[in-house]
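Please read the structure below before turning to the comments.
Read-outs throughout are calculated quantities, based only on the coordinates presented, and are distinct from any laboratory measurement. Note that this is a predicted model, so its numbers are computed, not measured. A quick note on method: Cβ atoms are made from the backbone with ideal geometry, for glycine too, and the neighbour counts reach across all protein chains shown.
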Ligand SMILES: [Zn+2]
């Protein structure tokens, strides 16, 4: 069976935490072998740690996300370092800079300072770091140049930057991780950018519970009990289906694709397959080949000292 490595998700998110056992099982049944679970603030690091202690397939990441910079405590960085001391299997994330609708409300110089501290820490610990970047690719590149290169790698998660910047980030040690958000880019732009990414730098992720791929409704998996989901789609949340592609109560005669769903519809980690299919078609290579090469990329990146990937 095809193996996949979800390089960035948030199974600790309050919207899905109680469903994590089923989500993990369903995804594993569909070939998703690993889940890199990213904390976003001091409030959820203990949940990420707990998930990683419970599930061998969960790789924990600790970091302060730019959206939570304003509410950090004076001791946040000390606490963060303690998490790394007590959790050798952890990598760094989610960290970053954001000048989007939400990020604009948070002081940018503080975002940069918090990111700088965490990038320096990742470098010092020799661990990869998962970076969120919205409308701030120039700022990110400048900062990475001043601290880098990053021999342990960085992941630019849900990458939506330009094709032109791909080699610049690559030179500093970046990997490019693709989620359902890729489908929001114009196809010509996405294709041009994807073709610039060298095949040993491609990763896939779900960013679940966010980033639902804009695929056809009947190709998607939904999260059981998702209250934003229209009633007629509740049959498509079966925790484990034997026949692949089976969808119960298929409402595709009413709704064709996910853009017609409510904005808050939760993303299930199984939908990593939809992103894989999309990228494979644009790169004109087989899904099997792309799955395997992205899996190997993730294994290489997550093989730092202490990582679960190194365990037998
Ligand atoms: Zn994320």
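Annotations for the structure displayed:
- Mean Cβ count within 10 Å, highest first, over the residues of peptides 275-286, 114-125: 114-125, 275-286
- Going by neighbour counts of Cβ atoms within 10 Å, the residues 299, 197 line up, fewest first, as 299, 197.
- Extents of the chain, largest first, come to 53, 44, 39 Å (Cα atoms, principal axes, whole angstrom).
- Computed from Cα positions, the angle between helix 287-301 and the longest principal axis of the chain comes to roughly 30 degrees.
- Cα long-axis angle, helix 20-29 against the chain (0 to 90 degrees, to the nearest 10): 70 degrees
- Extension gain from residue 310 to residue 79, taking 0.36 nm per residue of separation minus the Cα-Cα distance: 80.6 nm
- Spin-label zone in the stretch 55-77 - amide nitrogen under 17 Å from a point set 7 Å from the Cα of residue 25 along the C-beta vector: 55-58
- From helices alone, the chain scores -10000 deg cm²/dmol at 222 nm; the rule is -39500 (n - 2.57) for each run of n ≥ 4 DSSP H residues, then divide by the residue total.
- When 169, 108 are arranged by Cβ crowding within 10 Å, least crowded first, meaning fewest neighbours, the order is 108, 169.
- Shown is the FRET efficiency for residue 18 and residue 164, computed with R0 = 30 Å from the Cβ-Cβ distance and rounded to the nearest 0.05: 0.10.
- Ascending count of other beta-carbon atoms within 10 Å, so fewest first, for 179, 219: 219, 179
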